[in-house]
Amino acid sequence: MPETTVALAIANGVKREVGKVIVGMGESIESLLIAFLTGGHVIMEGIPGLAKTLLAKSFAMSLGLRFKRIQFTSDILPSDIIGGLVFNRRSGELEFRPGPIFANIVLIDEINRAPPRSQSALLEAMQERQVTVEGVSYSLPDPFLVVATQNPVELEGTFPLPEAELDRFMMRVIVPYPTAEEERMILEMKNILGEEVPVSPAVDLEAVRVAMDEVRNVVVVPEVINYIVDVVSTSRRDSRLVLGASTRAEIALLYAAKAHAALSGRMYATPDDVKKVFFRVLNHRLQPKPEFSGLSKTPDYSFLSKILKEYLDSVEVPL
């Protein structure tokens, strides 16, 4: 019988509330919970119309947190994201006006439509939880989660995300088409609710902070740490890749495995926790050589899925 954790109770509450407007998408919801409880960020990749925006909004509502959506376009400026200095006529001084990045959960819609200069405005925010304007740093709300979306097929008018920016996302979640049964349930739900989002807060901030402490305190024995190092370092010896996964990938995999354990009601991580999150943590961190890059561009990333499974199969699982 698994132990009861606050993280598991939060997950059940969030899934119950989000389930009022979202059908399926279990892996995406779990990924948002894992990233949120560990201070990570998530890219959700899928074609338009699969409820990625609705999921992010309802997730924030279920936690009772402030939500902002930023639509990235080719002409968006860094100041449109982080804010800037404006002249106050009353005081006669310049004062900082915060941008939409100042929220607990920020949805970056179509992140790859912004030029590199504007994409780079996210780097400090995602890594250091602050933004700097004219030499002055401003702290972002705590907790803080960036959820980015992008279309894997439409490439016209888009800019590839730099490796440094991709590496700052803990996970990339591939959002598939719903099953036929799920689509029937979606239509039945929309027929009754329309565009209403009847989601209520399922937890309070104090419980969230307790769950975050729980995740930090999940026990990871040396054998599991060695297993993480072995499976990730396998990517650096793969002749099909230009670049393997970085040390940051190992850290992300460790944190994700700990969160997965806590969300499963356990205060100890196992190799199975590592396996469950392995593809989501690693799939955007590998850079195939040019002769293999075409294979890796399919919407389901079957090529990357295949080689990541090879890494898991090649490393002995500790008992």
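Every number here is computed from the coordinates shown, using simple stated rules; none is lab data. Nothing here was measured: the structure is a model prediction, and the numbers come from that model. Note: ideal-geometry Cβ built from the backbone for every residue, glycine included; neighbour counts use all protein chains shown.
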Taking alpha-carbon centroids only, region 236-259 lies from region 42-61 a number of Å equal to 25 Å
Taking only Cα atoms and a 10 Å spring cutoff, compute GNM fluctuations for the chain and point out the largest among Leu33, Leu85, Leu241. Leu85
Alpha carbon centroid spacing (whole Å) that separates region 103-142 from region 207-228: 27 Å
With T = 10 °C, eta = 1.306 mPa s and Kirkwood Rh from C-alpha pairs, the Stokes-Einstein D of region 217-319 in µm²/s is about 114 µm²/s
Please list, in order along region 46-52, the HN-Hα scalar couplings obtained from phi with the Karplus expression 6.51 cos²θ - 1.76 cosθ + 1.60 (θ = phi - 60°), rounded to whole Hz, x for Gly and Pro. x, 5, x, x, 9, 6, 5
What is the antiparallel percent of DSSP beta bridges lying wholly in the chain, to the nearest 5? 40 percent
Phi-derived 3J(HN,Hα) across region 204-211 with the Karplus relation (6.51, -1.76, 1.60, θ = phi - 60°), rounded Hz, x for Gly and Pro, is 10, 5, 4, 5, 4, 5, 4, 5
Using θ = phi - 60° and Karplus 6.51 cos²θ - 1.76 cosθ + 1.60, couplings along region 177-183 (whole Hz; Gly, Pro as x): 4, x, 6, 4, 5, 5, 5
Tell me, what is the percent relative contact order of the chain, built from C-alpha pairs under 8 Å that lie six or more residues apart? 24 percent
Charge tally for neighbours of His260 with beta carbon under 12 Å away, counting Lys, Arg as +1 and Asp, Glu as -1, is +1
Quote the charge dipole size of the chain about the Cα centre in Debye, to the nearest 20; the model charges only the Cβ of Lys and Arg (+1) and of Asp and Glu (-1). 220 debye
Could you pull out every residue, at least 5 positions away or on a different chain, whose amide H is within less than 5 Å of the one on Val173? Hs are placed 1.01 Å off N in the peptide plane, and Pro or chain starts have none. Ile43, Met44, Glu45
Within the chain, what is the number of lysine pairs with alpha carbons under 21 Å apart, leaving out pairs fewer than eight places apart on the same chain? 27
Please report, for the Cα atoms of region 1-199, the Rg to one decimal and the Dmax as a whole number; what are they, in angstrom? 18.2, 65
Please give the net charge around Ile81, taking every other residue with its beta carbon less than 14 angstrom from that of Ile81, where Lys and Arg add +1 and Asp and Glu add -1. -1
So, counting K/R as plus one and D/E as minus one, what does the shell of residues with Cβ under 14 Å around Glu163 add up to? +2
Quick one: which residues, 5+ away or cross-chain, put their amide H under 5 Å from the amide H of Lys289? H built at 1.01 Å from N. Leu241, Val242
Charge-dipole axis of the chain as Lys and Arg at +1 and Asp and Glu at -1 on Cβ define it, positive-most pick from Gly40, Pro288, Phe72: Phe72
